[in-house]
Amino acid sequence: MSKPKGFEKPVGVRDYVPYAVDKLRAIERNVLDCMSRWGYRQIMTPTLEFYETVGVASSTSDQKLFKLLNHRGTTLVLRSDMTAPIARVVSSLLKEEPLPIRLSYHANVFRAFEEEAGREAEFFQTGVELVGDDSPEADAEVVALAIASLKAAGVTSFKIAMGHVGFLNGLFEEVLPGRGGDQQALKKHLLDRDHVGFRKAISELSISAGQREELEGILRLRGDKEICDQASVLGRHPQAQASIDHLCKVWEVLEAYGVSEHVLIDLTMIGDFSYYTGMTFEGYASELGFPVCSGGRYDNLLRQFGRDVPATGFALKTNRILDGVKGMAQEEQLPVLIRYTAAGRKEGLARAAVLRAQGRAVVTLLIEEESGSRQEPEERYEKIETFH
């Protein structure tokens, strides 16, 4: 392996030039302000966590974790999401905090991907966790807040696809009772959005034509509120019925929020089926073919940290919004240039201090007395003031 050149960096990480940072910070600031108005308080957690605690509890597969050893030989990980670290804090430092707890965050997270995949190993997320409330109102709140947050981030055209893990679990248990391997294989096809593979896998199962038709009917469960009625007929298992009932109540709350126009029910959308336990959703911007936000209910996670309480939340994929969505116009604020000679230094620096106190950006420059002024490209500055 050749030695990296001085300007090279590892695959999957990037540099953010000033204009990109300005836009990223504007997205972060606007979204966190939006979340604050909904009662969510910001939290920060370490970049490094123990593998045996947060690493194991994370929804990220073991192969995608960045692992390293400290000086004692203990395995650490770079955080791969913020949900598991926040669950650790809620179960320890915030253990006496009354429920429900509403927390927000903006942080960089790390995941190891194959180099040829072209995906980022370090990226930013902005999100919330609502801990201690298992009601449809709580699930609807995080969906409505995700919609408000996308708008705050400058995403003007998007759709939220909302599903429920419990519906599929119930339906699969009804049609394929005790056949965990077959159920997992079908879920994997849905997770990968591989509907062709899903149909092929169904055709290879040893089931009746009616059962095959019942499973294929899942692919048609995508639309507005009427999908609730169709799903109730398709899935008669108690868990499937309870899940659809919950999802319908979430929809009713979203209608009350006045945001149901942004939402569709998609019962093929299950998120990470090993992690989510109930309602799950993804948000898609019209400019992009992949999600700009995702979230859902994960009622079993905090139990791993010794506090058995329900939770739900979501994260915006801030990098994707930064790179692929043109909604937020970021105007460059040019600084004022204050030029001064040695004799005019005190007056010039005093003027710079006044402008900075007013919130203006100011650049100062000493010029030679005899030359009168140094040539500066005027387009770099809003205006130029000179003091002799």
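The values are calculated or read from the model by the stated rules, or taken from the named source; none is laboratory data. Everything numeric in this text was worked out from a predicted model, so none of it was measured. With ideal geometry, Cβ positions are generated from the backbone for all residues, glycine too; neighbour counts draw on all protein chains shown. Each accessible area value is taken on the protein alone, full model and side chains, heavy atoms only, with ligands, DNA and RNA left out. Shrake-Rupley method; radii C 1.70, N 1.55, O 1.52, S 1.80 Å.
Given +1 at the Cβ of Lys and Arg, -1 at the Cβ of Asp and Glu and no other charges, the dipole of the stretch 246-334 around its Cα centre is 360 debye to the nearest 20.
For the pair the stretch 303-324 / the stretch 44-96, the C-alpha centres are spaced 14 Å from each other. Cβ screening of the chain for cysteine pairs under 4.7 Å finds these without a partner: C34, C293.
Taking 24 Å as the straight-line reach from the Cα of K23, the lysines in range (excluding those fewer than 8 positions away in the same chain) are K9, K151, K159, K317, K326, K383.
Here the Debye sum runs over all C-alpha atoms of the chain as equal scatterers in vacuum, and log10 of I(q)/I(0) at q = 0.07 Å⁻¹ comes out as -0.43. For K188, the lysines whose Cα comes closer than 18 Å to its Cα, not counting residues fewer than 8 places off in the same chain, are K64, K200. Rg and Dmax of the stretch 28-108, based on Cα coordinates, read 14.3, 44 Å. With a Förster radius of 56 Å, plug the Cβ-Cβ distance of R222 and A342 into 1/(1 + (r/R0)^6) and report the FRET value to the nearest 0.05. E(calc), rounded to 0.05, equals 0.15. Spread over its residues, the convex hull of the C-alpha atoms of the stretch 63-154 is 144 Å³ per residue.
Just subtract the alpha-carbon distance of E255 and F50 from 0.36 nm times their residue separation and send over the number in nm, one decimal. Kindly include the intermediate steps, with their values, before the conclusion.
Values: separation 205, 0.36 × 205 = 73.80 nm, distance 4.21 nm.
Separation in residues times 0.36 nm, less the Cα-Cα distance, equals 69.6 nm.
For R236, the solvent-accessible surface computed with a 1.4 Å probe is close to 140 Å², ligands and nucleic acids excluded.
Using a ≥ b ≥ c from the Cα gyration tensor of the stretch 1-151 (square roots of the eigenvalues), is it rounded, prolate or oblate, where a/c under 1.5 gives rounded and otherwise the larger of a/b and b/c decides, a/b for prolate? Oblate is the answer for the stretch 1-151, as a/c is 1.5 or above yet b/c matches or exceeds a/b.
Given R0 = 30 Å, the distance between the Cβ atoms of E368 and F7 translates into a calculated FRET efficiency of 0.30. Each helix, a run of at least 4 DSSP H residues, gives -39500 (n - 2.57); summed and divided by the residues of the chain, these come to -11000 deg cm²/dmol at 222 nm.
Set the Förster radius R0 to 41 Å, insert the Cβ-Cβ distance between N70 and R193 as r into 1/(1 + (r/R0)^6), and round the FRET efficiency to 0.05.
Working: r = 39 Å, r/R0 = 0.96.
With a Förster radius of 41 Å, E is 0.55.
Principal semi-axes of the equivalent ellipsoid, √(5λ) from the alpha carbon gyration tensor of the stretch 122-170, are 23, 14, 13 Å from largest down. In this simple spin-label approximation, A361 and H388 carry label points 7 Å from Cα along the Cα→Cβ vector, and these lie 3.1 nm apart. Charges were assigned to the Cβ only: +1 to each Lys and Arg, -1 to each Asp and Glu. The resulting dipole of the stretch 210-294 about its Cα centre is roughly 220 debye. Residues in the chain average 50 Å² of solvent-accessible surface per residue, probe 1.4 Å, ligands and nucleic acids excluded.
Would you list E204, E226 from the most to the least accessible area, probe 1.4 Å? The partial results should precede the final answer.
Values: E204 125, E226 95 Å².
Putting E204, E226 in descending order of accessible area: E204, E226.
Would you please classify the overall shape of the stretch 1-66 from the alpha carbon gyration tensor, given that a ≥ b ≥ c denote the square roots of the eigenvalues, rounded means a/c under 1.5, and beyond that prolate means a/b larger than b/c while oblate covers the rest? Oblate, since a/c reaches 1.5 and b/c is not below a/b. Only Lys, Arg, Asp and Glu carry charge here, each on its Cβ (+1 for the first two, -1 for the last two); on that basis the stretch 1-145 has a dipole of about 680 debye about its Cα centre. Annotation: the antiparallel percentage among DSSP beta bridges lying fully within the chain is about 75. Solvent-accessible area assigned to carbon and sulfur over the chain amounts to 50 percent, based on a 1.4 Å probe.
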